[in-house]
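S.K.: Structure in structure tokens, see below.
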Amino acid sequence: MIKIANAQFWVHDQDEALAFYTQTLGWEVRADVTMEAWNFRWLCVGPAGQHDVGLVLMPVPGPPMLDPDSSASLAELVAKGAGGTLFLETDDCEASYKELSARGISFNDPPTAQAYGIDTSFRDPSGNNIRLTQVLEFDPSRS
Amino acid sequence: MAPLPLARHLVRAKDLADARYYESLSVRDLAAAAGLSQAYFSRQFKQTFGESPHQYLLTRRLERAASLLRTTDWSIAHICFAVGAQSVGSFTTSFRRMFGQTPLAYRAMYPPAEWHVRIPRCVAQAYGRPQNRTFREDGVTAAP
């Protein structure tokens, strides 16, 4: 069986991302190890209660991994929201929206009924998109 | 509407401890989440879940601390405050009582965190290459 172990987001600042995903979103640190010789920090977080999947928060690389222009372009693309989307599920979208709003998360849109359920979305500090969905039985009349 | 069973109120407090253990939560906060007086809450919590709310919160913090000792290279003080403990001294005492050894000794029983996380080969290839080296062939025009 092949399964997802970790997914990855590019982030502009790992400390900022760590604070967001743990203190604001309430996730757990799965790993945080700095390889001094490589000038590299492996930082992985994940939701409490779902231990077999993690989100690796990788810094936008500079030289020699990426030339300066490409690095700046990647950082800009992430900031523009083109870095990718993480799809989360919740059993109560409205409650999660209220709780996370109270914890300082600014949502892109309020919980909205869709044919597939109720969902909303927000961004991490780098601009990565996170969609939060309460899945319901498919009902085209709801949207 | 029928009143909620007491256990439903107690679970709210338990959920709060599970979710926000890293904040400066106290038994008083847990009792408030349950909407009960602190003394009554503590008695009922222990009767329902088999351990006191203080013990539940403490063991949640210590479980997370043990995980961070195994999977990060953070200092003991950093881990202590990251899991909501208020002082390194009392954290170390509680940890030793629970695990039978100090946090440092506990960490030493496990492989270094960098082994545990198994840095993927693509990362090692990208970041592990020697950098800032010059070689004699640099700048030499290839022979025709």
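S.K.: Using the Karplus equation 6.51 cos²θ - 1.76 cosθ + 1.60 (θ = phi - 60°), what ³J(HN,Hα) coupling, rounded to whole Hz, does each residue of segment B:66-71 give in order, writing x for Gly and Pro?
M.R.: Values, residue by residue: 4, 5, 5, 5, 7, 10 Hz.
S.K.: Working with all protein chains in place, sort A:10, B:74 by solvent-accessible area computed with a 1.4 Å probe, largest first.
M.R.: A:10, B:74
S.K.: Would you work out the relative contact order for segment A:42-105, in percent, from Cα pairs under 8 angstrom that are 6 or more residues apart?
M.R.: About 17 percent, as a whole number.
S.K.: Given +1 on the Cβ of Lys and Arg, -1 on the Cβ of Asp and Glu, and no further charges, what dipole in debye does chain A carry about its Cα centre, rounded to the nearest 20?
M.R.: 80 debye
S.K.: Could you rank A:12, A:51, B:9 by how accessible they are, 1.4 Å probe, largest area first?
M.R.: Listed by decreasing accessible area, they come as A:51, A:12, B:9.
S.K.: List the lysines whose Cα lies under 18 Å from the Cα of residue B:14, skipping any in the same chain that are fewer than 8 positions away.
M.R.: B:46
S.K.: Quick check: pseudo-label points 7 Å beyond the Cα along Cα→Cβ at residue A:109 and residue A:16, how many nm apart are they?
M.R.: So the two model labels end up 2.6 nm from each other.
S.K.: Rg and Dmax of segment B:1-122 over Cα atoms: what are they, in angstrom?
M.R.: 17.2, 59
S.K.: Can you give me the accessible area per residue for segment A:11-130, using a 1.4 Å probe, in Å²?
M.R.: 46 Å²
S.K.: Run the numbers on chain A and let me know its relative contact order in percent, using alpha-carbon pairs under 8 Å that are six or more apart.
M.R.: 22 percent
S.K.: So how much accessible area does residue B:78 have, in Å² to the nearest 10, using a 1.4 Å probe?
M.R.: About 90 Å², rounded to the nearest 10.
S.K.: Mind checking the angle between helix A:68-79 and chain A's longest principal axis? C-alpha axes, 0 to 90 degrees, to the nearest 10.
M.R.: With rounding to tens, the tilt is 20 degrees.
S.K.: Suppose every K and R has +1 on its Cβ and every D and E has -1 on its Cβ; what is the size of the dipole of segment B:20-88 about the Cα centre, in Debye to the nearest 20?
M.R.: Here segment B:20-88 has a charge dipole of around 140 debye.
S.K.: Pull up all non-local amide H partners of residue A:86: gap of 5 or more, or a different chain, and H-to-H distance under 5 Å with H placed in the peptide plane.
M.R.: A:129, A:130, A:131
S.K.: If one computes the Cα centroid of segment A:109-143 and of segment B:91-132, what distance in Å separates the two points?
M.R.: Using only Cα atoms to place each centre, the spacing works out to 37 Å.
S.K.: Might you report the magnitude of the Cβ-based charge dipole of the protein assembly as shown about its Cα centre, with Lys and Arg at +1 and Asp and Glu at -1, to the nearest 20 debye?
M.R.: Dipole about the Cα centre, nearest 20: 1120 debye.
S.K.: If you take the charge dipole of the protein assembly as shown about its Cα centre, with +1 on Lys and Arg Cβ and -1 on Asp and Glu Cβ, which of A:127, B:112, A:20 is farthest toward its positive end?
M.R.: Positive-end residue among those listed: B:112.
S.K.: From the helices alone, meaning DSSP H stretches of at least four residues, give me the mean residue ellipticity at 222 nm for chain A, per-run term -39500 (n - 2.57), in deg cm²/dmol to the nearest 500.
M.R.: -5500 deg cm²/dmol
S.K.: Nearest-5 percent of antiparallel DSSP beta bridges in segment A:1-128?
M.R.: Rounded to the nearest five, the antiparallel share is 70 percent.
S.K.: Moving to a separate point now. Averaged per residue, what accessible area in Å² does segment B:1-141 show with a 1.4 Å probe, protein chains only?
M.R.: 61 Å²
S.K.: Within segment A:91-143, which trypsin sites (Lys or Arg not before Pro) sit in a loop by DSSP and count at most 15 neighbouring Cβ atoms inside 10 Å?
M.R.: Those that pass, being in a loop and sparsely packed, are A:103.
S.K.: Right, another one. At a temperature of 37 °C and a viscosity of 0.692 mPa s, determine how fast segment A:24-143 diffuses translationally according to Stokes-Einstein, using the Kirkwood radius over alpha-carbon pairs as Rh; express D in µm²/s, rounded to the nearest whole number.
M.R.: Using the Kirkwood radius from Cα pairs, D works out to 201 µm²/s.
S.K.: Report the normalised scattering of the protein assembly as shown as log10 I(q)/I(0) at q = 0.13, 0.15 Å⁻¹, calculated by the Debye formula with identical scatterers on the alpha carbons.
M.R.: One equal scatterer on each Cα of the protein assembly as shown leads to -1.07, -1.29.
S.K.: Okay, moving on. Ignoring ligands, DNA and RNA, please state the percent of accessible area on chain B from carbon and sulfur, probe 1.4 Å.
M.R.: Looking at chain B in its full context, I get 56 percent from C and S.
The values are calculated or read from the model by the stated rules, or taken from the named source; none is laboratory data. The structure displayed is predicted, hence computed values, not measured ones. We place every Cβ from the backbone using ideal geometry, glycine too, and count neighbours over all the protein chains shown. Surface areas here come from the heavy atoms of the whole protein model, side chains and all, with no ligands, DNA or RNA. Shrake-Rupley method; radii C 1.70, N 1.55, O 1.52, S 1.80 Å.
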